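The values are calculated or read from the model by the stated rules, or taken from the named source; none is laboratory data. Keep in mind the model is a prediction, meaning the values are calculated, not measured. Here the Cβ positions follow ideal geometry from the backbone for every residue, glycine too, while neighbour counts run over all protein chains shown.
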């Protein structure tokens, strides 16, 4: 009647035979002996029962295997997923932290004061820091003379721009001992220290082009006297016993800096800058070139040591050429005959 309780189910084995009867009692999930097992399966199929009683064991084993496979896959995929998430998070964080797409062009700060430079940099999202100072008498005092990074460079926002300022006053130096040095040695020492040569004067002395005196503002200045860098002094040189004469150099096409160096080496001085065509600022003058000079650089045109050369400057250097020296020997001979 129905399935009933297997504990109380009894089956007859070998019905119709003389072997006798064996009672099969369901005792848990296993059935013994085998004859009872076969009999019970047949009986249950006939009565619409459970069918094969071993199927629940096989089904449970399959489910356990399926769970193990899923768990193994999860164990493999979980570290990969965590790693991908960490890499994605790091990439997003780096883009935000470094401002990957943000760009700022560094402005030109030359000639600005420290406050003006800081204000201009702040307007574009940059910072400033003064790291050094130098003295340049061609730039306004207290102005920017150099910057790092340079102007027009592209940088990240909030970048620090390092500035070098022009000092309000030059550093104090000890005046070197130049007496008895040659002209070339004395000028080299002064260039290293940053002291300028204002003028070369000559007076009779057996040692030609030797320094016989050093003057500052027209008065002798002794060695180790304190003097500011960038100041100018006068060197008094020996001209020999008969007075030395030097060839007039050709300085046409030279800038002022090169001109002064050439004249110093020739034992001459820069006289008057008579004109500077196209010069409106000091920067224009610094970039101008010599268009004309007086005395002119004729061959054999001699001038006394310590003499001066007057020049005319121009900013229009296109087509500026050095004319061929003119041989004035004939004119000199004619003048001597007269």
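Worth a mention:
- Hits in the range 267-309 (condition: touching a helix residue (DSSP H, G or I) at 6+ places or on another chain (Cβ under 7 Å), part of a loop (DSSP other than H, G, I, E, B) and within 23 Å of residue 210 (Cβ to Cβ)): 267
- Under the condition of being touching a strand residue (DSSP E or B) at 6+ places or on another chain (Cβ under 8 Å) and more than 30 Å from residue 201 (Cβ to Cβ), the residues counted in the range 158-172 number 10.
- Test for residue 115: is it farther than 30 Å from residue 193 by Cα and in a helix (DSSP H, G or I): yes
- Residue 261 part of a strand (DSSP E or B) and at pLDDT below 90: no
- Taking the criterion of being without any contact (Cβ under 8 Å) to a residue 24 or more places away in the chain and surrounded by fewer than 13 Cβ atoms within 10 Å (Cβ to Cβ), the residues of the range 256-282 that qualify are 280, 281.
- Failed item, numbered, when residue 175 is tested on (1) under 20 Å from residue 304 (Cα atoms); (2) touching a residue at least 40 places away in the same chain (Cβ under 8 Å); (3) touching a strand residue (DSSP E or B) at 6+ places or on another chain (Cβ under 6 Å): (1)
- For the range 190-213, filtering for residues that are out of contact with any helix residue (DSSP H, G or I) (no Cβ under 8 Å at 6 or more places or on another chain) and part of a strand (DSSP E or B) leaves 8.
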